[in-house]
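Notes follow the structure.
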Amino acid sequence: MAEKKEEFIKVKANWNIPYTHSAGKCASHFFQEMKEKKRIFGIRCPKCQRVMLPPRSFCERCFVETTDWVPVKDEGVVDSVSINYMEYTGMPKPPYAIAFIKLDGSDSRLMHFVGGVDLSDWKKAKELVKIGTRVKAVWKEEREGRMTDIMYFKPISAK
Amino acid sequence: MRRVAIIGVGQTKFRTRRDDATHEELTFEGVSRALEDAALSISQIESFVYGTMDPFDGVNSPDKWCVGGAGAVGKPYIKISTGGTTGLTTGIAAYHQVASGAFDIAMAVCTQRVGVGDDAQSILNTCVCPIYERDAGAGAITVGAQQASRHMFKYGSTDYQRALVSVDAHKNALNNPYAHIQVDVTPEDVMNSRMIEWPLRLLECCPRSDGACAVIFASEEQAKKLCPKPAWVWGEASIIDSYWWGERPDLADWDILSLAGRRLFKMAGIENPIKEIDVAELYAPFTSQTLLELEALGFCGKGESGPQIEKGVFKMDGEMAVNPSGGVLCTNPIGATGLVRLVEACLQVTGKAEKRQVPDAEVALAHAWGGTMQLHALMIVGKHKR
Amino acid sequence: MERIGIVGVGMTPISSGKKEVFYDASFEAARRTLADARLDQGALDQVVTAGYDLACGRTITNMYTTPAAGGYMKDETRISDDGMFALAQAWMRIGAGFGITMCLAYGISSEAPMPLISNLMFEPLFHRPFGPYSGNIAALQASAYCAESKAKPEDAALVVVKNLKQGSKNPRSRRVKPVTQKQVEKSPMAAWPLRELDLPSYSDGTVGLILAPEHEAKRISSCPIWIEGIGWSIDSYYLGERNLAELKSLSEAARRAYLMAGIKDPAREIQVFEVAEQSSYYEIMAYEALGLISPGGGAKLIRSGATELSGRIPVNPSGGAISADPVAATGLFRVAEAVLQLQGRAGKVQVQGAKRALASVSSGPAGQASCVVVLRRD
Ligand SMILES: [Zn+2]
């Protein structure tokens, strides 16, 4: 083999595979309610009585099927939050804040964006979206039956 | 090493898509069926092994999502992925967890939704080396087609013999309520169906299926307490060949499977496979593979599988029943498929196979292959202890 | 079950990747591991590997790595998670009758956009659209922990300073320079409250271990390192239903490992801890989950200096994941580092006179699944 230093060759590959995911009976109903009526429903476990959000057809703790739909408010409290400033391939454009929000009437927390406030400077932003902030859903006009039918939850105090 | 038994099995109905359930809900369904079969509650399962083949489901590591559906929150949980063998290596992993004495009751769970992706072949293509081989566009069908053409060339097997494999599988599937494809086909139907990848035609190729299944393993002591009619594990083996297809000595002979088979039969104390084994559930998504597998495992001599199939040796009422479930040709939820073979083997030796029961079945073999002809997994179960 | 010992360790250098084929990396790690045990490939009875397919951009990556790790024509299985889970399964397989075993984990972070790969772990219905990935979920966990415990960014910065001080001395590190607390506090904000330096350093690296049942282990090695206790567990997938301020699967895994090893007071009975930290805050939380201090006391422990190399309970003398994070191999690298410590081969990061060590890892968002192993020398 030749002595001279050879370049390391890199081969590009791309996984661009379209997927079609089933939402199932439970989530289909949940998304339908969001789309048609801008309503959010949790589902109650008949055994431990938790109202689960997002709703699933069974309770993993009790290992039984869930039964009753329970309306919850589109308002709640930020339970934990982070704010993104790095940009990554195929991911949302920063800055964006992800929070787990405890909606009134639910026993679990829902993941969503907190928005409608200026997130560009984290020093200011962390005060606007901090844990304990009350937030309310901002709905899209054109809804398709997805989590993103809510654009984000906006701090209630924000103008 | 301890003796281990299988005390419960469960499977969902397999379909092209299960739009009525999410991934974890499908897992819940499969697990619930196995618990019902064993008359156990989820709290009695000490450890879990979850098997699936990323990324058919469109989720990276869906085991993390499905933990609730498996009933494993707060428990030991391990994820296995070994390609097409995944289902069976997941079962083998749960078996080792009990055989070692680490746990008394362990469950193997597999869910796969091949129907989620638009194109399973393009995913299968990604197991092929992107630097040297991927651009050639090889998918799993390529494996079956290469083996078919080579077997025809070397041993003179025929399109008609392969068509009979498809006819028998479809007839068996009609008696299996869980099977995905349930239609009666004639040899003419098979030989006139659309050419997919020469020499394989449409009715010689498996469907893409969604579904889940689960198998519960227990120590001898627990099995005696909990289950009146368990299936006893006699032996298991897994094996891996080279990554590079070009290194296989001859694509007409599955030598690596022969080697794994010899190890398996030694462990299980089998001396004359066709005489001692009553049922074989072989992983053959393409008709050609049944031929190669029968020969590699010594159920007939090299080149004899075709004529033996013509004689009906491997039919339901033949010398050894092959794929009473209808096999992979009629149902293929890829990463769960190997475990479905084990489910069927257990149902047969415990006399629970209903309309497709092989009379007096006492010893059954489950098999799976994966990669590009590269991996195999095997297990033998018996009605009696060995 | 017969005692099972680690009798060989081998690691590739940690790198930023983009040069080597990971087929070759598996081969190199396996060769080093076999050489360390003075065995050849023929001595292996089985190979158990671990790695993530999506990170590698190939399905069924064991097709590629297992033969490269000495597995050709051998019995094998592959865990699709961190290598420490492969160690657990290998341990049980040996308990079920297998002999000399190669356990190998391939961590490849350089061939794919890792945050996106991590984002794809979230199911598409309820979580994925919001851009969660390991880093910003670690940030969520950090903010939840701070709210509950009163830990401060300064405390987390101390973890970074400690681990990079160690990493700068360890040849198996990606971040090779020590930093000051000020430098940490000035590093770019990644996902508030986590700065870039609070998060692990994505790397490439492959690690192998040779395991053997006691009767073989004593023949192969003059200083086998015994697996004294091992435990693993998983928490719920739904972050909204977990208490993010605690590492539940880690404490459950530790409980199981301690029970098996008969350990009652880990801070006194174990001399070295190698903890794959998902973030600087995670390490502080891990002090509590592993029972080194009572809940809420983690920040006090890092401030006290007890977890420094020279401290009472050294944590991550290797530099931890903040120094190098070859994803899927990070946990098994921790085990390898712990073995080197117990054999007195850890060089500039050696903890003097260690008899017993702990290694741990978490995988999945906010430490969803964890594995803990307790190791000791005779
Ligand atoms: Zn419940």
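Observations on the structure shown:
- Restricted to region C:196-215, and to residues there that are among the charged types (D, E, K, R) and surrounded by 22 or more Cβ atoms within 10 Å (Cβ to Cβ), the residue that is nearest to C:M114 (Cα to Cα) is C:D204.
- Checking each residue in region C:57-80 for being at the interface with another protein chain (Cβ under 8 Å from one of its Cβ atoms) and on the phi > 0 side of the Ramachandran plot picks out C:G57, C:I60, C:M73.
- Which listed residue, of C:G296, C:G319, C:G331, C:G367, is buried (at least 18 other Cβ atoms within 10 Å of the Cβ), touching a residue at least 40 places away in the same chain (Cβ under 8 Å) and over 30 Å from C:A217 (Cβ atoms): C:G367
- Pair list, Cβ under 7 Å, 6 or more apart: region A:60-87 residue within 14 Å of chain B (Cβ to nearest Cβ), other residue assigned to a strand (DSSP E or B): A:V64/A:F58; A:E65/A:F58; A:T66/A:I43; A:T66/A:R44; A:T66/A:M52; A:T66/A:F58; A:T66/A:C59
- Single residue of region A:20-52 satisfying the filter (under 22 Å from C:R128 (Cβ atoms) and touching a Ser or Thr at 6+ places or on another chain (Cβ under 6 Å)) that is farthest from the ligand (Cβ to nearest atom): A:G24
- Residue, surrounded by the fewest Cβ atoms within 10 Å (Cβ to Cβ), within region C:91-113, restricted to residues that are under 30 Å from A:P94 (Cα atoms), touching a residue at least 24 places away in the same chain (Cβ under 8 Å) and more than 11 Å from chain B (Cβ to nearest Cβ): C:S110
- When restricted to residues that are away from chain B (no Cβ under 13 Å) and open to solvent by 30 Å² or more (accessible area, probe 1.4 Å), region A:49-59 contains 1.
- Listing of helices (runs of 4 or more DSSP H) fully contained in region B:203-292 that carry 1 or more residues being over 17 Å from the mean Cα position of the chain (by Cα) and under 27 Å from C:Y72 (Cα atoms): B:255-268, B:273-276
- Top-ranked residue of region C:204-225 - restricted to ones that are over 29 Å from C:A112 (Cα atoms) and of a type in the set (G, A, S), ranked as nearest to the chain's Cα centre (by Cα): C:A212
- Looking across region A:57-70, the residues that are more than 6 Å from the ligand (Cβ to nearest atom) and more than 13 Å from B:E29 (Cα to Cα) come down to A:T66, A:T67, A:D68, A:W69, A:V70.
- Flag for B:T337 being more than 17 Å from B:A145 (Cα to Cα), surrounded by 24 or more Cβ atoms within 10 Å (Cβ to Cβ) and modelled with pLDDT of 95 or more: yes
- Enumeration of residues in region C:299-316 that are surrounded by fewer than 24 Cβ atoms within 10 Å (Cβ to Cβ) and polar (S, T, N, Q): C:S304, C:S310
The rows are residues; the columns are (1) under 30 Å from B:A38 (Cβ atoms); (2) at pLDDT 95 or above; (3) not acidic (D, E).
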| position | (1), (2), (3) |
| --- | --- |
| B:A145 | no, no, yes |
| B:Y155 | no, yes, yes |
| B:L164 | no, yes, yes |
| B:D168 | no, yes, no |
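- Residue list for region B:227-279, filter: open to solvent by less than 40 Å² (accessible area, probe 1.4 Å), more than 21 Å from B:H151 (Cα to Cα) and of a type in the set (A, V, I, L, M): B:A231, B:V233, B:A237, B:I239, B:I240, B:L264, B:A268, B:I270, B:I274, B:I277, B:V279
- All of C:E228, C:E241 fail the test of being modelled with pLDDT under 95 and over 23 Å from C:S109 (Cα atoms), apart from C:E241.
- Test: residue in region C:53-75 that is outside any helix (DSSP H, G or I), within 18 Å of the chain's Cα centre (by Cα) and surrounded by 24 or more Cβ atoms within 10 Å (Cβ to Cβ): no
- Among residues of region A:95-113, those that are facing another protein chain (nearest Cβ under 9 Å) and in a strand (DSSP E or B), counted: 11
- Exclusive hit being surrounded by 24 or more Cβ atoms within 10 Å (Cβ to Cβ) and farther than 26 Å from C:I230 by Cα, set C:A25, C:A29, C:A50: C:A25
- Residues in region B:105-124 that are touching a residue at least 40 places away in the same chain (Cβ under 8 Å) and part of a helix (DSSP H, G or I) were compared, and the one that is farthest from the other protein chains (Cβ to nearest Cβ) is B:V114.
- For region B:203-212, the criterion of being more than 30 Å from B:A252 (Cα to Cα), touching a residue at least 12 places away in the same chain (Cβ under 8 Å) and polar (S, T, N, Q) is met by no residue.
- When each of A:S120, A:S80 is tested for being more than 16 Å from the ligand (Cβ to nearest atom), in a loop (DSSP other than H, G, I, E, B) and over 25 Å from A:K35 (Cβ atoms), the lone residue that passes is A:S120.
- Hey, B:R17 more than 18 Å from C:S233 (Cβ to Cβ), within 14 Å of chain A (Cβ to nearest Cβ) and in contact (Cβ under 8 Å) with a residue 60 or more places away in the chain or not: yes
- With respect to the stated conditions, C:Y258 fails to be touching a helix residue (DSSP H, G or I) at 6+ places or on another chain (Cβ under 6 Å) and buried (at least 21 other Cβ atoms within 10 Å of the Cβ).
- Residue list for region C:26-52, filter: within 14 Å of another protein chain (Cβ to nearest Cβ), among the hydrophobic types (A, V, I, L, M, F, W, C) and not in a helix (DSSP H, G or I): C:L44, C:V47, C:V48, C:A50
- Residues of region A:116-148 classified as within 13 Å of chain C (Cβ to nearest Cβ) and open to solvent by less than 10 Å² (accessible area, probe 1.4 Å), total: 3
- Residue check for A:P92: under 14 Å from the mean Cα position of the chain (by Cα), surrounded by 15 or more Cβ atoms within 10 Å (Cβ to Cβ), more than 16 Å from the ligand (Cβ to nearest atom) and part of a loop (DSSP other than H, G, I, E, B): yes
- The set of residues from region C:227-255 being open to solvent by less than 10 Å² (accessible area, probe 1.4 Å) and in a helix (DSSP H, G or I) comprises C:L239, C:G240, C:S249, C:L250, C:A253, C:A254.
The values are calculated or read from the model by the stated rules, or taken from the named source; none is laboratory data. Given the structure is predicted, the values throughout are model-derived calculations rather than measurements. So basically every Cβ, Gly included, is an ideal-geometry build from the backbone, and we count neighbours across all protein chains shown. Side chains are part of the model used for accessible areas, which takes the heavy atoms of the whole protein and leaves out ligands, DNA and RNA. Shrake-Rupley method; radii C 1.70, N 1.55, O 1.52, S 1.80 Å.
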